[in-house]
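Remarks on the structure that follows.
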Amino acid sequence: MNVPDDLKYAETHEWIRVDGDTGTVGITDHAQNELTDIVYVDPPKVGATVSAGQPAAVVESVKAASDIYSPVDGEVVEVNESLSSEPALVNTAPYENGWLYKVRLANPSQLDALKSPDDYRAQIG
Amino acid sequence: MEAVRRTVLFDQQKALGARCINFGGWEMPVQFTSIIDEHRAVRTACGVFDISHMGEVFVSGPKAFDWLQRMLANDLAKCPVGGGQYTFLLNDRGGVIDDLIVYRMAEDNFLLLVNAARIEEDVSWLQKHAVDGTTIDNRSDTMSALAVQGPDAPRIFRDVFQCEMPARNTFVAMEKCRGAVIAAGTGYTGETGFELFFSNALAGDIWAAILKAGAKPCGLGARDTLRLEMCYPLNGSDLSPDRTPLEAGLGIFVALDKPGFIGREALLAQKESGPPSKLVALRMTEKSPPPRAHYPVLVDGQTVGETTSGALSPSLNEGIAMAYLPPSLAKPGQTVRIDIRGRHFAAVVEKKPLYRPSSARAA
């Protein structure tokens, strides 16, 4: 499974890419592979407040609806609109065009509590 | 808590990449590669499902016919030797203990194919009502079963067994693959196809032969979307001890003119008064998350029922569901809304089935 070196990871299989005070959030290659056949994405609303460890979005495969937990606290500043017509982007490009939402970090020190790529690789075996 | 059970094909399926879930106490493949791919394989070519978790209960003896006529809701007199019939075990209230297929092996010998999660309950219900002159033989632990479904199934049957696939709702008992194989023209997908029942020792060879002939291994995920497109009920979801076959819209499988079967009085009374609800097929008419079981169904802002099953239909690429609604609302064309995580999405009551297969197994 692909685990890019430039990201931080949550134990619940989300990644975050930080650029200044904004983080882009998605689910990992491992997560999309486990879910398979993603057919619908319910993103948070722009302007919504998300909290670390709390459900922020729902990703639905054919079989099940799965909560996606925000890795950090913050305000949602953008959601990936292309997922509404092409939810399978989460399967085909989980770290690129399949991102879920962007969040303005309320508490950047929370990033330190997330996993490094090596720690996440160890978690998923 | 009982240990999770596995079929004898578990290791072979794991080797093919099966992802497993617990289904009725069994660790079963939910998918191999993709539910959508497996679903499409069955609609356009052929798929094979391990259904060894299902129960095989033989009932035989000089009183077997008369006794089963009392135990089962459909009319066994209409099932000749070599035939299969969809029927119900009902409780005294007319509620569904199990839905099953009975195969008539001989005048006085019957095979009941029952749901995995209901084997113990069915057998104890049968034993509780048993009479002299009948033998109940639960062979679920020593038998395996496969369902091979799709337009290519007749060709696969010929390749593997060198004879023609049995016609719909009939079966043959064959000596093949160095053992006894019951091959039936039945299934749960709406496509043409067959189901095989045989002793566990044959499972590995038959599974391998079916794959070699070109069937795609499929899991319970596709089995569920396939049956839901056909509006075939799943016991435990769409059927329950608190719902009758009349409410489920399955009255044609109940012989109300047959005297003396368990549940008949309750069904006659319900027919007289009218069922309190009816199981309808629903199709989403606006873009929405896929509907799933236990979502509220609303009309004019009022909750009028809840979904019992739901999925994104891979064939239609639309959300589909079933729900029990009050009879006044259970009419094709009735618009409803389905509450999905607090948002209400438009849907419409449709005629069953929601999908008509090209290989036309549907009645």
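Of note:
- Here B:LYS212 is the anchor, and the lysines within straight C-alpha reach of less than 22 Å, apart from those fewer than 8 places off in the same chain, are B:LYS14, B:LYS176.
- For peptide A:32-42, the mean count of partner chain Cβ atoms within 10 Å of a residue's Cβ comes to 4.
- Taken as Cα centroids, the range A:85-125 and the range B:294-312 sit 34 Å apart, rounded to the nearest whole angstrom.
- Remark: the B:VAL4-B:ASP242 segment gains 83.0 nm on full extension, using 0.36 nm per residue and subtracting the alpha carbon distance.
- Along chain B, counting only GluC sites (Glu not before Pro) with a DSSP assignment other than H, G, I, E or B and at most 14 other Cβ atoms inside a 10 Å radius, the longest segment between sites is B:165-285.
- The range B:277-363 shape via C-alpha gyration tensor axes, a/c threshold 1.5: oblate
- With R₀ fixed at 45 Å, the C-beta to C-beta distance from B:THR170 to A:ALA65 puts the FRET efficiency at about 0.65.
- By the count of neighbouring beta-carbon atoms within 10 Å, fewest first, B:LYS128, B:LYS212, A:LYS8 end up ordered B:LYS128, B:LYS212, A:LYS8.
- ³J(HN,Hα), Karplus 6.51/-1.76/1.60, whole Hz, each residue of the range B:267-272, x for Gly, Pro: 5, 4, 5, 5, 5, 5
- For B:ALA77 and A:THR12, a Förster radius of 56 Å and the Cβ-Cβ distance give a FRET efficiency of 0.45, rounded to the nearest 0.05.
- For the range B:38-47, putting each phi into the Karplus relation 6.51 cos²θ - 1.76 cosθ + 1.60 with θ = phi - 60° gives couplings of 5, 4, 5, 4, 5, 6, 10, 9, 6, x Hz, in residue order, rounded to whole numbers and with x for Gly and Pro.
- Segment B:ARG139-B:LEU211, length gained on full extension (0.36 nm per residue, minus Cα span): 23.4 nm
- Charges were assigned to the Cβ only: +1 to each Lys and Arg, -1 to each Asp and Glu. The resulting dipole of the range B:277-363 about its Cα centre is roughly 240 debye.
- Beyond 30 Å, the tail of the calculated P(r) for the protein assembly as shown holds 53 percent of the Cα pairs.
- Global geometry of the range A:8-105, whether rounded, prolate or oblate, following the gyration tensor of its Cα atoms and the 1.5 cut on a/c: prolate
- Contact order for the range B:56-138, expressed relative to its length and based on alpha carbon pairs under 8 Å spaced 6+ residues apart, stands at 40 percent.
- Rel. contact order, % - alpha carbon contacts under 8 angstrom, at least six apart, chain B: 18 percent
- What you get for the protein assembly as shown, charging only the Cβ of Lys and Arg (+1) and of Asp and Glu (-1), is a dipole of about 1420 debye around the Cα centre.
- Three-way shape call for chain B based on the alpha-carbon gyration tensor, with the a/c threshold at 1.5: oblate
Computed from the coordinates by the stated procedures, all read-outs in this text should not be read as laboratory data. Bear in mind that the values here come from a model prediction, so they are computed numbers and not experimental data. Glycine also receives a Cβ, built like all others from the backbone with ideal geometry; neighbour counts cover every protein chain displayed.
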